[in-house]
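Worksheet for the structure shown next.
The values are calculated or read from the model by the stated rules, or taken from the named source; none is laboratory data. Remember, it's a predicted structure, so these values are computed and weren't measured experimentally. In this analysis, Cβ positions are derived from the backbone assuming ideal geometry, glycine residues included, and neighbour counts consider all displayed protein chains. Side chains included, ligands, DNA and RNA excluded: accessible areas come from the protein's heavy atoms. Shrake-Rupley method; radii C 1.70, N 1.55, O 1.52, S 1.80 Å.
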There are 2 protein chains.
Amino acid sequence: MDNKYLQIYHDYVEKIESGALRSQSKLPSEHELCQQYGTSRETVRKALHLLSQNGLIQKIKGKGSFVLPVEQMDFPVSGLVSFKELAAKMGKPSQTRVISLEALAADDKTASYLRVKSTTPIWKVVRTRTISGETIILDKDYFLQQIVPKLTVSVCESSIYEYLEEELDIPISFAKKEITVEKATAEDRECLDLEGYPMVVVVRNYVHLEDAMLFQYTESRHRPDKFRFIDFARR
Amino acid sequence: MDNKYLQIYHDYVEKIESGALRSQSKLPSEHELCQQYGTSRETVRKALHLLSQNGLIQKIKGKGSFVLPVEQMDFPVSGLVSFKELAAKMGKPSQTRVISLEALAADDKTASYLRVKSTTPIWKVVRTRTISGETIILDKDYFLQQIVPKLTVSVCESSIYEYLEEELDIPISFAKKEITVEKATAEDRECLDLEGYPMVVVVRNYVHLEDAMLFQYTESRHRPDKFRFIDFARR
DNA sequence: GAGTGGTCTAGACCACAGC
DNA sequence: CTGTGGTCTAGACCACTCC
């Protein structure tokens with residue numbers, strides 16, 4: 001069901017992540033790829049641009065396109081990725097526990113985060129994440145009921161993200177993350193294995209739909225020594 | 001000296017950041033832009049894609065392109081931006097102080113960060129950043145002398161980044177940032193106004209050239225309460 | 001010089017929104 | 001239905017790298 005350029009893109013993501021294409025190795029030239037896939041050059045270029053944007057290849061004028069060093073698949077919290085996917089990539093035993101799941105009216109603070117009026121019907125989900133036996137992340141999610149009419153504990157235990165994308169087909173478009181370090185609250189100390197750390201890393205995530213409407217606000221609170229964030233930027 | 005698509009892109013960055021184009025307002029259709037700029041549609045689309053990637057506009061199929069809410073000029077540490085630019089955007093009095101500038105041979109630790117052999121000739125620069133009277137950032141930069149033959153204190157006091165890009169014309173291509181929280185060292189406590197905070201936020205930045213060669217490693221150590229990082233992600 | 005990627009064009013057909 | 005953005009094509013010229 002992919003477009004042509006996504007087809008080419010996914011082919012090469014697979015080749016690179018599986019190791020079939022080694023770091024530093026050269027991709028076929030754009031001309032060759034046109035012939036292999038039977039497409040025009042702009043289409044091939046769109047695929048290569050995507051690979052380059054995502055840090056998988058490097059294009060050098062006059063030379064060609066080369067696979068970049070992957071550097072141990074670095075916990076890419078950057079972008080829109082779910083905890084489930086992350087945990088799977090890291091290959092560590094992990095567990096999600098639902099502390100609470102409530103349908104309620106937004107209080108003033110939550111309403112301001114979601115930029116809606118107070119008393120707007122919302123879902124509030126509180127979960128903890130346990131990795132290798134240590135509970136190190138406290139996630140608090142808020143959704144507009146208008147967008148997500150139904151939500152169950154079992155969905156919250158696996159992946160809300162998957163549910164929204166695949167079941168409800170909600171068109172998630174872009175998200176803004178904000179990372180700060182703050183004093184641990186009583187709730188943090190209660191829910192997490194903080195081991196005496198006085199602070200937590202707070203990742204606030206604002207998720208927007210295709211029409212730019214904000215529909216989800218997530219606050220992810222991490223034990224500082226277990227927190228790691230990777231960002232990849234191009235000129 | 002810009003390309004056509006960069007011309008269009010910069011025109012609209014200016015219009016949006018200056019406020020001439022309000023949040024939510026609609027851009028001309030791609031067809032109209034073609035006529036206004038006398039270019040083909042793919043060229044206009046390349047410009048709009050860039051605007052969209054950088055979080056300035058939102059394209060909606062069947063409707064048009066719309067200016068996104070800017071949300072208070074959000075300290076965009078994301079991407080490749082220099083401290084000088086950041087401080088200017090935030091409009092706060094700031095100051096850079098050079099603690100040391102040395103040409104030396106890489107020790108084992110530094111060599112492993114830069115992924116070169118020990119004893120490779122490098123520059124080591126240590127600087128502090130003071131904002132509104134508080135010294136809250138300690139920056140340690142390491143460069144390969146092979147790439148940067150000359151470096152002076154006065155360059156380090158203004159902007160090394162500008163010097164590399166504009167004077168030396170070094171083709172910076174991409175960078176990887178890694179954010180963690182670590183115990184403050186004696187050096188941190190000595191150079192920064194830590195106010196008793198036991199930890200610092202460490203941003204490690206690996207900067208690569210166009211040929212994917214690593215040429216700079218920067219370690220930026222922040223007082224936790226003054227740290228803020230913004231990440232913008234699209235589907 | 002031949003081969004590469006970077007830009008650009010003038011078309012085409014499609015899917016979606018809104019009337 | 002018209003107008004919008006999303007995809008795709010088959011060319012073209014340029015700047016760069018390497019021999």
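Brief remarks on what is shown
- All of A:Lys92, A:Lys140 fail the test of being more than 14 Å from chain B (Cβ to nearest Cβ), outside any strand (DSSP E or B) and either modelled with pLDDT of 85 or more or touching a Ser or Thr at 6+ places or on another chain (Cβ under 6 Å) (or both), apart from A:Lys92.
- Check on A:Lys61, open to solvent by 80 Å² or more (accessible area, probe 1.4 Å), within 11 Å of chain B (Cβ to nearest Cβ) and not aliphatic (A, V, I, L, M): yes
- Conditions (1) open to solvent by 40 Å² or more (accessible area, probe 1.4 Å); (2) modelled with pLDDT under 90; (3) facing chain B (nearest Cβ under 10 Å); (4) within 24 Å of B:Gly196 (Cβ to Cβ): number failed by A:Glu195: (3)
- Per the listing A:Lys124, A:Lys176, the residue uniquely within 14 Å of chain B (Cβ to nearest Cβ) and open to solvent by less than 60 Å² (accessible area, probe 1.4 Å) is A:Lys176.
- Of the residues making up region A:132-147, those that are open to solvent by less than 30 Å² (accessible area, probe 1.4 Å) and either touching a helix residue (DSSP H, G or I) at 6+ places or on another chain (Cβ under 7 Å) or farther than 13 Å from A:Tyr217 by Cβ (or both) are A:Thr135, A:Ile136, A:Ile137, A:Leu138, A:Asp141, A:Tyr142, A:Leu144.
- Taking each residue of region A:24-53 that is at positive phi and looking for partners that are open to solvent by less than 60 Å² (accessible area, probe 1.4 Å) and more than 10 Å from DNA strand D (Cβ to nearest atom) with beta-carbon atoms closer than 7 Å, six or more apart or interchain, yields A:Gln24/A:Phe66; A:Gln24/A:Val67.
- Within region A:177-204, residues that are assigned to a strand (DSSP E or B) sit with their Cβ atoms under 7 Å from residues that are open to solvent by 70 Å² or more (accessible area, probe 1.4 Å), at 6+ positions apart or across chains, in these pairs: A:Met199/A:Lys183.
- Scanning region B:30-45 for residues being near DNA strand D (Cβ under 9 Å from one of its atoms) and closer than 13 Å to B:Gln7 by Cα gives a total of 3.
- Flag for A:Pro76 being modelled with pLDDT of 90 or more, out of contact with any Gly (no Cβ under 8 Å at 6 or more places or on another chain) and in a loop (DSSP other than H, G, I, E, B): no
- Residue in region B:198-207 that is away from every other protein chain (no Cβ under 13 Å) and more than 30 Å from A:Leu6 (Cα to Cα) present: no
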